[in-house]
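To start, the structure itself, in structure tokens.
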Amino acid sequence: MKRIALIGMPNAGKSTLFNRMSGGSAKVANWPGVTVDLLSSKLLLDGGMVEIVDLPGIYDLHGFSDDEQVVRHFLANNTVDLVLIVVNASQIDRQLSLTLQLKSLNMPAVILLNMADEAKKSGISIDTEKISVELGYSTLLLSAKYGQGYSEAYNAIEATLRTSKARPARALEQDFAVDKAMETELDNLVKHSVDFPAQIGSTMTEKIDSVALHPVFGLPLFFGFMFVIFQAVYTIGGPLQEGMAWLFETFRDLALVPLLSGLPALLNGFLIGGVFDGLATVASFVPIVIVFFLFMAFVEDSGYLSRAAFLMDSLMSRMGLDGRSFVMLLMGFGCNVPALMGTRTMRSRGLRLLTMLVIPFSLCSARLQVFVFMTTALFSPQHAPIVLFSLYIMTFVVVILTALLFKGHFNSQEPFALELPPYRLPTYRQMLFRGWHEVAVFIKRATKFITVGVVMVWVLTNMPYGVEPASASSWSGIIGEFMSPVLSPAGINPELTIALIFGFVAKEIVIGALAVIYGLEGSALMTGIAEQIDWVQAYSFMLFTLIYTPCLSTIATIRTEAKSGWFTTVSLVWPLTLAWVVSAGFYQAARFLGY
Amino acid sequence: MKIIQRLSEMQVGQTATIQAFHVDTAFKYRLNGLGLRVGKTLEVIRHAPFDGPYQLRIGSTELMLRKRDAHMIEVLM
């Protein structure tokens, strides 16, 4: 099968193009360096199947950071029939340098000048004929985002694929350095084929930046903006969650209970009180997660994240981190795993490890479900969103604390330069893709360990046979009692202890586990929990959930990314210790003050 | 009169031409990729608060650079 590789600088739109061509949903954001793994897909081209690979964006083929190594490694070990060089048309003056490097490797290629819509808007006109002739590569304008110029691009790709000779897998030659001659060639090429207006840069972006990056108001504005978003997620997602919970409850009472009434009591209890209640409770939170990710997609695609890096870099540098670390923390609000992989753009190991140590404190969407559940159950509708926001603040508090404590061990002098892309709006299509992607991820996780998790919780709470479910003599009761000397100082009772133990696997299991342990679902579950614990215990439990050892996937990612057993151990033990200290400290202090 | 100085000494709104880089090879390639090359003209758009990074424009690209790293670039004003 023939193989096509997408190569280009960070934020040139490779992933958007890849999604268009493959119908896939690779993660896209207006942030340089989103793709860190290889994504590949099969495509019907010219009557045959072709493999297409989306490579991480690189500035230069020399490759010093881990993501650049990925590209070098790929080209050294795979035969490539065609390279699609994706260039941001507005930045053609510098981005063609990568094309020149690829040309010196005799790579068969087609140049795609992407974001043609943006370039046209800023008054840049490009003579693609001239570039084609000068470089010997077919050169075409297109807009991956809005889907213009595709048929011409496909024609050129098919034609080139038919005639060009593949570059066999072999190590990259070291002599393609950006020497003076190549720089001159680039300048001449751009001078003869591109017409830039006198004033480059979008005035819209400049106007927004003058507010967003204001020396005094920039930072308060950023945090205000975050607060509004989390409020909106809560306000829109809350009722959707209640609606879903009601639907599941009705289905259970009207259909499931009568249908399964003929089964033996134990099996009946297992299917309804175990599998259904557990999964339905977790599933009812999916709408909140989708709403959250729609907002997240908007922020990521807007280009505001780079501005956050700009505003926060100075404060982060005092903690031994940089602006990128801050943005990875924000991405971690979605899911910690891609945020951890995003640290590959960092070259200094110290900086990278310190960032990886703090990312798991980021209140991810799975933990958000637990907190929405607990705050709704234990706090008034007026207080709940504020309590939720206080947990986001806690993320930053423990990040700062951890970074200051550990920065001496993870030293870094890495220089830091980052592109500030123009502001952009995501298309509806991109937002829908993103929302759908999250549902797909949830279904995948639900069918795997969430189901296994709730089944195991059911077994623990209902065994040995004949025991009162979740009572002190059940297995879960025994484990809870055993752990109680450790966790009761934090106000965490045996029921919550079992939920925490399973939360180690995935945070979504926590609410599923609570449903199974209490044998309740939906609003009844919230009432049931509110009767058992007070708000001090609930908040202590949430603090513990926020800080303690992240899920299994996060630990696995830390292990593969850091390639160090020692570091993995630290990132297991430290959060666990800190979680206990913070929760117990909070609980004891609150009780001492008479709450 | 033209003077050679460090990029870190430039004020907001000033433009200058890049003269030399005193950075390691890896970072030089990164800067080259972002469009910073000897002979190119750049403009300082703003400084971030708390002694933070500089926002620069070079050709069609805007980027941020820490003051410490800006100090390693010589410019002609």
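The numbers here are math on the coordinates, done by the rules we state, and not lab data. As the structure is a computational prediction, the values presented were derived from the model and not from experiment. Cβ coordinates were reconstructed from backbone atoms using ideal geometry, including for glycine residues, and neighbour counts include every protein chain displayed.
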For the stretch A:292-431, the Cα convex hull volume per residue in Å³ comes to 123
Any aspartates and glutamates whose Cα falls less than 14 Å from that of A:K165, other than same-chain ones fewer than 8 residues away, would be A:D81
If B:I18, A:I359 are placed from fewest to most neighbouring beta carbons inside 10 Å, the sequence is B:I18, A:I359
Bridge orientation stat for the protein assembly as shown from DSSP, antiparallel percent rounded to 5, came to 65
In terms of the charge dipole of the stretch B:4-76, which places +1 on Lys and Arg and -1 on Asp and Glu at the beta carbon, the residue among B:M10, B:T61, B:A20 farthest towards the positive end is B:T61
The rounded separation in angstrom of the Cα centers of the stretch A:322-381 and the stretch A:561-595 is 16
One would report the Cα pair-distance distribution of the stretch A:92-136, bin width 10 Å, in %, as 23, 55, 20, 2
Looks like the stretch A:482-550, by Cα gyration tensor root eigenvalues a ≥ b ≥ c and the a/c under 1.5 rounded cutoff (else prolate when a/b is bigger than b/c, oblate otherwise), is oblate
Between the alpha carbon centres of the stretch A:106-123 and the stretch A:394-419 the gap in Å comes to 37
Taking Cα atoms only, Rg over Rh for the stretch A:396-477 with Rh from the Kirkwood formula is 1.27
For A:V337, A:V216, ascending order of other Cβ atoms within 10 Å (fewest first) is A:V216, A:V337
Magnitude of the Cβ-charge dipole (Lys and Arg +1, Asp and Glu -1) of the stretch A:2-195 about the Cα centre, nearest 20 debye, reported as 480
Counting all Cα-Cα pairs in the stretch A:400-548, those more than 23 Å apart amount in percent to 54
Projected onto their principal axes, the Cα atoms of chain B stretch, largest extent first, over whole-Å spans of 31, 29, 23
Per the Cα gyration tensor, chain A corresponds to an equivalent ellipsoid with semi-axes, largest first in Å, of 49, 27, 22
Scoring the stretch A:408-476 by relative contact order with C-alpha pairs under 8 Å, at least six apart, yields a percentage of 15
Relative contact order as a percentage, chain A, C-alpha pairs under 8 Å and 6+ apart, gives 13
Links exceeding 32 Å between C-alpha atoms in this model, out of A:K2/B:K28; A:K42/A:K121; A:K507/B:K67; A:K14/A:K180, come to A:K2/B:K28; A:K42/A:K121; A:K507/B:K67
In degrees, nearest 10, the alpha-carbon axis of helix A:494-503 is tilted away from the dominant principal axis of the alpha carbons of chain A by 20
Stretched fully, the stretch from B:H22 through B:L76 gains (0.36 nm per residue minus C-alpha distance, one decimal, in nm) 18.0 nm
Measuring from the longest principal axis of the C-alpha atoms of chain A, the long axis of helix A:475-487 (C-alpha) lies at a number of degrees, nearest 10, equal to 80
Taking the stretch B:9-52, the equivalent ellipsoid from its C-alpha gyration tensor has semi-axes in Å, biggest first, of 20, 14, 9
Percent relative contact order for chain B, counting Cα pairs under 8 Å at least six residues apart, stands at 45
CD proxy, 222 nm, the protein assembly as shown: helix-only mean residue ellipticity via -39,500 (n - 2.57) per DSSP H run with n ≥ 4, per residue, nearest 500, stands at -17000 deg cm²/dmol
The stretch A:2-195, convex hull of Cα, quarter of hull surface, nm² -> 10.0
Helix A:180-193: inclination vs chain A longest Cα principal axis, degrees, rounded to 10, gives 80
Contour minus Cα-Cα span, A:L404 to A:Y154, at 0.36 nm per residue, comes to 84.7 nm
